[in-house]
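Worksheet for the structure shown next.
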Amino acid sequence: MKVSRSKELFEEAKKYIPGGVNSPVRAFKSVGETPRFIERAKGSHIWDVDGNEYIDYVCSWGPMILGHAHPSVVEAIKEQAEKGTSYGAPTELEVKLAKMIVEAVPSVEKVRMVNSGTEATMSAIRLARGYTGKNKIVKFEGCYHGHVDALLVKAGSGLTTFGVPTSPGIPEDFAKHTITVPFNDIDALKRVIDEYGDDIAAVIMEPVMANAGLILPELSFLEKVRELTADRGIVLIFDEVITGFRLSLGGAQAYFGITPDLSCFGKIIGGGLPVGAFGGRAEIMDYLAPEGPVYQAGTLSGNPLAMVAGIKTLEELKKPGVYEELREKGKKLSEGMKEAARSAGIYDKLCFKSIESISIVYFTSVDVKNYQDALTSNTEAYAVFFRKMLEQGVYLAPSQFEVAFVSTAHTDEDIERTVKAAEVAFREVRE
Ligand code: PLP
């Protein structure tokens, strides 16, 4: 596979951009490959600057649930661009997208748009603290909530990929109010709430952990988290930046039937443009300025291009049968991968997890139920697997701890090709 142009661009990029990338995992460092510089994308496929074509399971880390350059999304962006790209004033589009989110997500009565998932979680935490008048927040080990100072403690995603438990640059004073507990361990949460409950503003969680690989919640765990937080007046924040509009139109909360107080969104609701949002009970949301005292703002918040891309994406997702289709495709991929592992004789050395259109294969025989389990993965074996898949035209996440996303644009043929490639790659790992 010719990658000379990507190599050249990467060398040049490193002169001007730290590490050559604008988000760490993109550098392909943990898988020992040259990052592919992407030139274009359509549907489930992406093309790099050397002309190589790949079936894409990164899907821009989740947003591209309809595949790339979906015609109705592209058309809407073009039309809006002609009318102006930002006004810094309210638009009907913001009202429309906000209404769509409120109608789709059970717990959300009001919602505020921001520009990224990070901004959403940062603002939700500030709001929870402002609302409760308390300081501490509880997060779960391996959950990633963006690069918010107070949330970069034992976080997943790039931090796990690079083995950085907590980033330097965060004064102890900023992190000292963050308490971490293991996921799926209700007794640990109970102990923390018993000890610090009077000063806990919020418990924040990915209802399905998707930044340390894929860690599924036990339903009783989610129920108990809700119960414990409600009993103590602690704001429960679901970070649905990945799961929102992915597991179902109403996100993980509709999927599992749990009602958080606040929820954070990003990725899908911007249809591939920079966006985030946080929302929840009106009583809490009205604590935000200008209605209430908690300050939160943004020059480009509610950006019209992002709003139209989000509206078109959600309109497509609301059509009958879309989530069934995503589920079927997700299942076909995850079952196919298991079959490929069996054929390659490596099945018992792996752990497969999937939910709806999200999946992962961990290179460990441990049944992964929390962050510590995920860390037992053999990341070198993953790197071998990743490289062999890439060579065969399958673009997986360049990290053992990031998931694969299936979009509505993935075809049966894409998935069949992927499974065939996986059998070859699994054999390579075994040898
Ligand atoms: N929360 C979750 C669950 C995420 O997966 C991410 C990003 O991957 C974020 C928050 C941060 O979102 P962003 O990268 O848009 O700031």
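Points to keep in mind about this one:
- Checking 280, 292 one by one, the residue that is among the small types (Gly, Ala, Ser) and either out of contact with any Leu (no Cβ under 6 Å at 6 or more places or on another chain) or farther than 30 Å from residue 127 by Cα (or both) is 292 and no other.
- Sub-8 Å Cβ pairs linking a first residue in region 59-81 that is within 24 Å of residue 394 (Cα to Cα) to a second residue that is of a type in the set (D, E, K, R) and part of a helix (DSSP H, G or I), at least 6 apart or interchain, are 60/267; 61/267; 62/267; 63/267; 66/316; 70/312; 70/316, ordered by first then second residue.
- Restricting attention to region 51-81, the residues that are of a type in the set (A, V, I, L, M, F, W, C), more than 16 Å from residue 411 (Cβ to Cβ) and either over 16 Å from the mean Cα position of the chain (by Cα) or not in a helix (DSSP H, G or I) (or both) add up to 6.
- Qualifying residue in region 107-123 (condition: modelled with pLDDT under 95 and surrounded by fewer than 24 Cβ atoms within 10 Å (Cβ to Cβ)): no
- In region 99-115, the residues that are in the same structural domain as residue 260 (by TED's automatic domain parsing) form Cβ pairs under 9 Å with partners that are charged (D, E, K, R) and part of a strand (DSSP E or B), at six or more places apart or across chains, as follows: 102/110.
- Among the residues of region 160-182, not a single one is under 30 Å from residue 399 (Cα atoms) and touching a His at 6+ places or on another chain (Cβ under 7 Å).
- Residue tally, condition surrounded by fewer than 14 Cβ atoms within 10 Å (Cβ to Cβ) and over 22 Å from the mean Cα position of the chain (by Cα), over region 20-38: 1
- Within region 406-431, residues that are on the phi < 0 side of the Ramachandran plot have Cβ atoms under 7 Å from residues that are of a type in the set (Ser, Thr, Tyr) and in a helix (DSSP H, G or I) in these pairs: 423/343, counting only partners at least 6 apart in sequence or on another chain.
- Yes/no for residue 255 being more than 16 Å from the ligand (Cβ to nearest atom) and more than 30 Å from residue 379 (Cα to Cα): no
- Residues of region 311-329 that turn out to be under 29 Å from residue 119 (Cβ atoms), not acidic (Asp, Glu) and not in a loop (DSSP other than H, G, I, E, B), as a count: 8
Here's the yes/no breakdown for (1) assigned by TED's automatic domain parsing to the domain that holds residue 284; (2) within 14 Å of the ligand (Cβ to nearest atom); (3) surrounded by 17 or more Cβ atoms within 10 Å (Cβ to Cβ); (4) in contact (Cβ under 8 Å) with a residue 40 or more places away in the chain:
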position: 138; (1), (2), (3), (4): yes, no, yes, yes
position: 143; (1), (2), (3), (4): yes, yes, yes, yes
position: 146; (1), (2), (3), (4): yes, yes, yes, yes
position: 162; (1), (2), (3), (4): yes, no, no, yes
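- Verdict on residue 359 being buried (at least 18 other Cβ atoms within 10 Å of the Cβ), part of a strand (DSSP E or B) and in contact (Cβ under 8 Å) with a residue 24 or more places away in the chain: yes
- Among the residues making up region 385-431, a single one is at pLDDT below 95 and not in a helix (DSSP H, G or I): 431.
- Of all the residues in region 362-384, those that are assigned to a loop (DSSP other than H, G, I, E, B) and under 12 Å from residue 350 (Cα atoms) number 9.
- Positions within region 177-197 being under 22 Å from residue 375 (Cα atoms), of a type outside the set (A, V, I, L, M, F, W, C) and not in a helix (DSSP H, G or I), in sequence order: 178, 180, 182, 184, 185
- Among the residues making up region 353-379, those that are more than 20 Å from residue 243 (Cα to Cα) and either in contact with a Pro (Cβ under 9 Å, 6 or more places away or on another chain) or of a type in the set (D, E, K, R) (or both) are 367, 372, 373.
- Selected residue (only one of 128, 120 is assigned by TED's automatic domain parsing to the domain that holds residue 244, within 14 Å of the ligand (Cβ to nearest atom) and not in a strand (DSSP E or B)): 120
The values are calculated or read from the model by the stated rules, or taken from the named source; none is laboratory data. This is a predicted model, so every value here is computed, not measured. Neighbour counts are summed over all protein chains in view; Cβ atoms, including those assigned to glycine, are modelled from backbone coordinates with ideal geometry.
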